[in-house]
Amino acid sequence: MQTLTEIKELLASRCLSPRHRLGQNFLHDHNQLRKIVAAGEISPGDLVLEVGPGTGTLTEALVEAGAEVIASEIDREMASIVESRLGDRVRLVLGDCLDRRRHLSPEILEALDSRPFRLVANLPYQAATPLLMDLLIRRPNCLGQVALIQKEVADRLASESGCREYGPISVITAVLGSIRRVTVVPPGCFWPQPKVTSAVIAIIPNAEHGVEDPEAFADFVGDLFRTRRKQIGTILGRDRIPEGFDPCHRPEQLQPASLLALYRAYRPDEPRPSKDAAQPSTG
């Protein structure tokens, strides 16, 4: 793994410096890097998508673990550094990882070629939420995600109903998968140091979630939380609230299972599971 001195020398040799606009904060703490790789549970030959490899510190660790790595890098100079160090042991995709700031880019989709893969990455903060949600909602071939992200975003992803951080991404993550907090990463583990604390999270998709149209469910939840302080009866219309739901409840008061049940009842075209269906709850 690259040391902080090596990272600085790699950039200095090319007259480069970290670009704040691109969220370039290079992780140099080897202990944290090992935790990320371990959380990825990589077996030799596994296909791994890395976004924002920078100088390739994590990339090298993934390759050493036996992964086939597709690395997406928006910065041409950083991509050149990774290519010079790893050559054909990594497939580089140059450009933004997101298409229209919401969906995985066509170039990455072409490189993945519909094969099963995992995301293991130190994500640029501005790309984290849309990328994680796109993989969970729209990419059934994504077997899991291990990401180093802003701790504030990690708290929102893992939040429960009634908490200040609870919102659409909390609900979507809980219904379509499960999340585990791996570790907290302080600013001193990066160069240059960010102004916020980071965290590593692992998301495992739930293949048995039973939601026929995850994107429609995500849109439904997003619409509810746009006016989260209003009652669901006001948002949806009291005459359209299904039986068993209190129209006076606010979205932030409802647990993910209750919101899924509300979605299924409100959208009668959504197929219901044959058994163990989520029941309305006031929690």
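The values are calculated or read from the model by the stated rules, or taken from the named source; none is laboratory data. All of these numbers come straight from a predicted model, not from anything done at the bench. Reconstructed Cβ throughout: ideal geometry from the backbone, glycine too, with neighbour counts over all protein chains shown.
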Number of positions in the stretch 53-96 that are crowded, with 17+ Cβ neighbours inside 10 Å, among the small types (Gly, Ala, Ser) and either under 23 Å from Ala12 (Cβ atoms) or not assigned by TED's automatic domain parsing to the domain that holds Val146 (or both)
5
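Going through Ile179, Ile172, Ile204 one at a time, which residue ends up being of a type outside the set (Asp, Glu), surrounded by 21 or more Cβ atoms within 10 Å (Cβ to Cβ) and not in a loop (DSSP other than H, G, I, E, B)? Quick ask: steps written out before the conclusion?
Details: Ile179 fails: surrounded by 21 or more Cβ atoms within 10 Å (Cβ to Cβ); Ile204 fails: surrounded by 21 or more Cβ atoms within 10 Å (Cβ to Cβ).
The unique qualifying residue is Ile172.
In the stretch 62-76, is there at least one residue being of a type outside the set (D, E, K, R), assigned to a helix (DSSP H, G or I) and at pLDDT 95 or above? Break it down stepwise before answering.
From the stretch 62-76, those of a type outside the set (D, E, K, R) are 62-63, 65-67, 69-72, 74; that's our starting set.
Restricting the remaining residues to those that are assigned to a helix (DSSP H, G or I) gives 62-63.
Imposing the further condition that a residue be at pLDDT 95 or above reduces the set to 62-63.
Taking every residue of the stretch 62-76 in turn, at least one turns out to be of a type outside the set (D, E, K, R), assigned to a helix (DSSP H, G or I) and at pLDDT 95 or above.
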Residues located in the stretch 98-123, provided they are buried (at least 17 other Cβ atoms within 10 Å of the Cβ), over 25 Å from Val211 (Cα atoms) and more than 11 Å from the chain's Cα centre (by Cα)
Ile108, Ala111
What pairs come up if the first residue lies in the stretch 7-23 and is in the same structural domain as Asn122 (by TED's automatic domain parsing), the second is among the acidic types (Asp, Glu) and surrounded by 10 or more Cβ atoms within 10 Å (Cβ to Cβ), and their beta carbons are under 8 Å apart, counting only those six or more places apart or on different chains?
Arg14/Glu77; Leu16/Glu77; Arg19/Asp75; Leu22/Asp75
Condition (residue is free of Cβ contacts under 8 Å to residues at least 40 places away in the same chain and in a helix (DSSP H, G or I)) applied to the stretch 190-201: is it met by at least one residue?
no
State whether one or more residues within the stretch 24-36 are surrounded by 17 or more Cβ atoms within 10 Å (Cβ to Cβ), at pLDDT 95 or above, assigned by TED's automatic domain parsing to the domain that holds Asp113 and within 20 Å of Pro116 (Cα to Cα).
yes
